[in-house]
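Quick notes on the structure that follows.
Derivation of every value follows stated rules applied to the coordinates shown; laboratory data play no part. On a predicted model such as this, the values are computed, not experimentally measured, just so you know. With ideal geometry, Cβ positions are generated from the backbone for all residues, glycine too; neighbour counts draw on all protein chains shown.
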Amino acid sequence: MRCVAGPDAGWSLRLDAGSHWMGRVDDGIRISDSTIEAHHARVDVARDGSAMIIQTAGRTPVLVDGAAAHRWTAVK
């Protein structure tokens, strides 16, 4: 996962297999940006390394290859 905008721009993170919440949560992938929700998106990573993401809240879009992830979207 790579953050490309906002106060956390530039960081990247390798995710283990499993389901991960992303947003201003303390028990998930924490992003320090007041324009996103606590549970902004969910990322599911399979054991084979494939991943899917969906935006679950908020107006700031989660983008995958430039397109908003308003439904489950495959991530390379």
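Using the alpha carbons alone, the radius of gyration of the stretch 17-76 stands to its Kirkwood radius in an Rg to Rh ratio of 0.96. Using the Cβ-Cβ distance between Val75 and Ser34 with R0 = 22 Å, the FRET efficiency computed as 1/(1 + (r/R0)^6) comes to roughly 0.35. Within the listed set Gly28, Gly66, Gly49, the Gaussian network model of the chain (springs between alpha-carbon atoms below 10 Å) gives the highest mean-square fluctuation for Gly66.
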